[in-house]
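Participant: Here it is, the structure in full.
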Amino acid sequence: MPIVEPTNKSVLDFEGLHLYHADRSNCSARVRLLLEEKKLPWVSHHINLKKKENISEDYFGINPKGLVPALVHDGTVVVESNDILAYLETEFPEPGFRDVPDEDQPKIDYWLRSSGESHLPGIKTLQYYNRVARLLEKSDEEYNRYRELQTDPELLKFHAKHGAPGSSLTEEDAAGATRLMNELYEEMDAILANSDWIVADTYTLADISWGPSITTQKIGGFDFSPFPNVEAWYERVSSRPQFETAFLKWIRESDWGHD
């Protein structure tokens, strides 16, 4: 799991759990959801993405990709949301969310991996293409500052197509993203035809990881009608009081409005 050595040394003195996160970020929400499920106390460091608070030397000094979330636990910095889930599960094993037979453990890993790997080419591409995330578009100054701080080639390539002033993702980009997500939801729907939860009919990290992604795609207008079992599963996930606290409440109270 990606434990990083921060260049922003201020976080090394942190005690307890500190989460750098954003209100409407599904990646942030999955970590907040696990913290709620485990009833763990944590200190909130909210990053306002509208104001580009992540595009700063201070924040890139915590997460070298400038992404949310980032977890600091007693001075240890962990980045990438699904790796943070795995870290929290190891450090705070009770209650457990990998309580499935040994032969089903790789299935949890598969769905965590697919959740992470589909975010940029799938979910994020569609959110930006459909301009749901247009409030995150960057000015010339913001884009130039981002390019100075960002070293990840995949993120630089993505934001050159959207974050740069005057740029845009193409219909081909959106079509590829839709195919990718449809393939994953078709696979998930088949599993959920015979199970309430994604792995071993048990509420696990797989459900915790994917639930907020569905929320984000619903906000973006993704068509889930071909996947009725995913829809029914999402109702189970999103009706949990922990989900309300971890994500839905943050969405309602965000300052993004409806534009």
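Participant: Within the chain, what percent of beta bridges assigned by DSSP are antiparallel, to the nearest 5? Before the final figure, lay out each step's value.
Facilitator: Details: 11 of 15 bridges.
Once the DSSP bridges in the chain are tallied, antiparallel ones form about 75 percent.
Participant: I need the semi-axes of the equivalent ellipsoid of segment 114-220: take the C-alpha gyration tensor, multiply each eigenvalue by 5, square-root it, list largest first in whole angstrom.
Facilitator: Equivalent ellipsoid of segment 114-220: 31, 14, 11 Å, largest first.
Participant: Normalised by the number of residues in the chain, what is the relative contact order in percent for Cα pairs under 8 Å and 6+ residues apart?
Facilitator: 25
Participant: At what distance in angstrom do the alpha carbon centres of segment 93-162 and segment 211-230 lie from each other?
Facilitator: 17
Participant: Tally Lys and Arg at +1 and Asp and Glu at -1 over the other residues with C-beta under 13 Å from the C-beta of residue 33: what net charge comes out? Before the final figure, lay out each step's value.
Facilitator: Values: positive: 30, 32, 38, 39, 240, 249; negative: 36, 37, 89, 207, 244.
It works out to a net charge of +1.
Participant: While we're on this one: Provide Rg and Dmax in Å for the chain, with only Cα atoms included in the calculation.
Facilitator: Taking only Cα atoms of the chain, I get Rg and Dmax of 17.9, 52 Å.
Participant: Taking 20 Å as the cut-off for C-alpha to C-alpha distance, list the pairs among 38/249; 50/249; 65/124; 51/138; 50/124; 52/249 that go past it.
Facilitator: Pairs exceeding the cut-off: 52/249.
Participant: Based on the alpha-carbon gyration tensor of segment 17-147, what equivalent-ellipsoid semi-axes (square roots of 5 times the eigenvalues) come out, in whole Å, largest first? Spell out each step's value before the answer.
Facilitator: Working: eigenvalues 157, 68, 28 Å².
So the three semi-axes of segment 17-147 are 28, 18, 12 Å.
Participant: Ignoring ligands, DNA and RNA, what percent of the accessible area of segment 28-93 is carbon or sulfur (1.4 Å)?
Facilitator: Details: 1130 of 2330 Å².
Carbon with sulfur: 49 percent of the solvent-accessible area.
Participant: Further question: Whole number in Å², please: accessible area per residue of segment 120-259, 1.4 Å probe, ligands, DNA and RNA not counted.
Facilitator: About 49 Å² of surface per residue is accessible.
Participant: Ranked from highest to lowest mean number of other Cβ atoms within 10 Å per residue, what is the order of the peptides 200-208, 138-146, 184-192? Could you put the intermediate results ahead of the total?
Facilitator: Working: 200-208: 22.1, 138-146: 15.0, 184-192: 17.8.
Ranking, from highest mean packing down: 200-208, 184-192, 138-146.
Participant: Still on this model: How much net charge surrounds residue 49 when only the other residues with a Cβ under 10 Å from the Cβ of residue 49 are counted, with Lys and Arg +1 and Asp and Glu -1?
Facilitator: +2
The values are calculated or read from the model by the stated rules, or taken from the named source; none is laboratory data. Only a predicted model underlies this, so the values are computations on that prediction, with no experimental measurement involved. We place every Cβ from the backbone using ideal geometry, glycine too, and count neighbours over all the protein chains shown. Note: accessible area is taken over every heavy atom of the protein model, side chains too, but ligands, DNA and RNA are not part of it. Shrake-Rupley method; radii C 1.70, N 1.55, O 1.52, S 1.80 Å.
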